[in-house]
Amino acid sequence: MKKQNKKSVGLRIALPNGSLEEGTMRLFEQANLRIFKDPRKHNARIEDQLFSEVTFMRPQHIPRLVENGTYDIGICGLDCQFESSAHNCVIAELPYGRGNSSGKAKVVLVTSQSNHAKRIEDVERSSILDEYPSILSEYPSLTKSSFRDRNIDVKIEFSYGGTEAHIPRDYKYGVCLTDTGASLVANGLKTIHTFLESYTCLITNQEIWCRSGTKTSDHAKKKSVVALKHLLLGTLAAREQVFLVMNVTTQDKDKLLQQLPALKTPTITPLSGGNYFSVGAVIFKEELNTLIPALLTSGAEDLVEMPISKVIKSW
């Protein structure tokens, strides 16, 4: 009997182009999953048995295509997943975005600073024409459901982006995605409601994650999804940490270890001669500037800081 090609049961993955493309390429390369892509093509490849198909596309399309099984797994913003109403499993938050951003953002309802409205319930009909208020929205489904839940009738028009440029001259209210809010303030706008706090996320098809069948290929795909999840999360966690290794005399060892209260199990190895120990520990980068001087004044010698590729605490 002919053996099944391992590549044939690999994951079909949909990856985001646009603002998330560069960060996605960098993340996969750091995870030892380098993506080979022609800048003029949407199809790409990863030379690893975890994958059988790699495609870049607008993130708004990804949730529906994962839901219907065209792709097994995808990366997009949580806002795209919610707006699509697709039935997928969100299995991980991936803290990366454009440039050095963490990927976190908010879907908000905005209006001009001069508008009396302070919350979503203050949106009301025009007192002159008795018309339903028009909302220019980049997220029409999310907007519609939120107003419907509050029994507020509105007229929603789809926005192709740059929503803040139309408020309040063309529309009184708008719904858009913002991270720092700086663009809104610069355009004289204020936020009166937050619909959703979004982040870059890893999503997968429910049939794979929740209802895997008895076929070998079904189980293999779920194992691949789990493996990818841990590889990516481990790589992202490693960005924030380094490994410190140092020597310390027997008499200073306990004093030095008191400077590492957050660490459960630093590695302590006796060195030849019996007078020194080698101490190794994983440290968050944000702690380094205060921790390193404290370690050195507590007896640390020959301190070396080393980068980490992955931090995976459990499977």
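Computed from the coordinates by the stated procedures, all read-outs in this text should not be read as laboratory data. All values reported here derive from a predicted model rather than from experimental measurement. Note that each Cβ is placed from the backbone with ideal geometry, even for glycine, and that neighbours are counted across all protein chains shown.
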Margin query: Give me a comma-separated list of calculated 3J(HN,Hα) values for region 26-34, in order, Karplus coefficients 6.51, -1.76, 1.60 applied at θ = phi - 60°, integers in Hz, x for any Gly or Pro.
Written below: 5, 4, 5, 5, 5, 8, 6, 10, 4
Checklist line | Gain on full stretching of the segment that runs from S314 to S85 - 0.36 nm per residue minus C-alpha separation | finding: 79.3 nm
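Using the number of other C-beta atoms within 10 angstrom as an exposure proxy, rank F82, F284, F243 with the fewest first.
Values: F82 19, F284 12, F243 16.
In order of increasing Cβ crowding within 10 Å: F284, F243, F82.
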Margin query: Which one, H42, L256, I192, projects farthest toward the positive side of the charge dipole computed for the chain from Cβ point charges (K/R +1, D/E -1)?
Written below: H42
Next item on the list: Take the chain, connect every pair of alpha-carbon atoms lying under 10 Å apart with a spring to form a Gaussian network, then pick out the residue of L295, L189, L228 with the largest mean-square fluctuation.
Entry: L295
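Using per-residue counts of other Cβ atoms within 10 Å, averaged over each peptide, order 61-73, 12-24 from highest down.
Details: 61-73: 21.0, 12-24: 19.2.
Descending mean neighbour count gives 61-73, 12-24.
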Check: Ordered by residue, what ³J(HN,Hα) values in Hz, to whole numbers, does region 83-96 give under the Karplus form 6.51 cos²θ - 1.76 cosθ + 1.60, where θ = phi - 60° and Gly and Pro are x?
Finding: 5, 6, 6, 6, 8, 10, 9, 8, 9, 6, 8, 10, x, 8
Check: How much length is gained on full extension from A294 to N17, taking 0.36 nm per residue of separation minus their Cα-Cα distance?
Finding: 95.3 nm
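Round to the nearest 0.05 the FRET efficiency obtained for T194 and H42 when R0 = 41 Å and r is the Cβ-Cβ distance.
On the way: r = 33 Å, r/R0 = 0.81.
For T194 and H42, the calculated efficiency is 0.80.
Defining a contact as two alpha carbons under 8 Å apart and six or more residues distant in sequence, what relative contact order in percent does region 241-307 show? Write down the numbers at each step before the final one.
Details: 102 pairs, mean separation 35.9, N = 67.
54 percent.
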Next item on the list: Once you have all Cα-Cα distances for region 4-137, histogram them in 10 Å bins from zero and send the whole-percent values.
Entry: 10, 33, 26, 15, 10, 5, 1, 0
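Whole-Å semi-axes of region 241-307's equivalent ellipsoid, largest first, each the root of 5 times a Cα gyration tensor eigenvalue? Please report the intermediate quantities before stating the final value.
Values: eigenvalues 70, 29, 23 Å².
The answer is 19, 12, 11 Å, longest axis first.
In debye, nearest 20: dipole of region 241-307 around its Cα centre with unit charges on the Cβ of K, R (+) and D, E (-)? It would help to have the intermediate numbers written out before the result.
On the way: 4 positive and 7 negative charges, 34 e Å.
With Lys and Arg at +1 and Asp and Glu at -1, about 160 debye.
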Margin query: Straight-line reach only, C-alpha to C-alpha below 17 angstrom: list the aspartates and glutamates that K41 could link to, leaving out same-chain residues fewer than 8 apart.
Written below: E21, E22, E53
Item checked: Long-range HN-HN contacts of Q241 with modeled amide H, under 5 Å -> K285
Note to self: Compute a Gaussian network model of the chain, connecting alpha carbons closer than 10 Å, and tell me which residue from C176, C201, C80 fluctuates the most.
What the structure shows: C176
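Please arrange E287, E83, E47 by counting, for each residue, the other beta carbons lying within 10 Å of its beta carbon, fewest first.
Values: E287 14, E83 22, E47 9.
Least crowded to most crowded, the residues run E47, E287, E83.
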Next item on the list: For the chain, just the Cα set please: Rg and Dmax, both in angstrom.
Entry: 25.4, 91
Note to self: So if I restrict to the alpha-carbon atoms in region 105-197, what is the Rg, and what is Dmax, the biggest pairwise distance, in Å?
What the structure shows: 12.0, 36
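Relative contact order for the chain using alpha-carbon pairs under 8 Å, separation at least 6, rounded to a whole percent?
Numbers: 580 pairs, mean separation 59.1, N = 315.
Computed over the chain, the figure is 19 percent.
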Next item on the list: Just the number, please: percent antiparallel of the DSSP beta bridges in the chain, rounded to the nearest 5.
Entry: 75 percent
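Tell me, W209, W315 in order of fewest to most beta-carbon neighbours within 10 Å?
Final ranking by Cβ density, sparse to dense: W315, W209.
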Item checked: FRET efficiency, 1/(1 + (r/R0)^6) with R0 35 Å, evaluated for S141 and R34 via beta carbons -> 0.45
Check: Going by a 4.7 Å Cβ-Cβ cut-off, which cysteines of the chain have no partner at all?
Finding: C89, C176, C201, C210
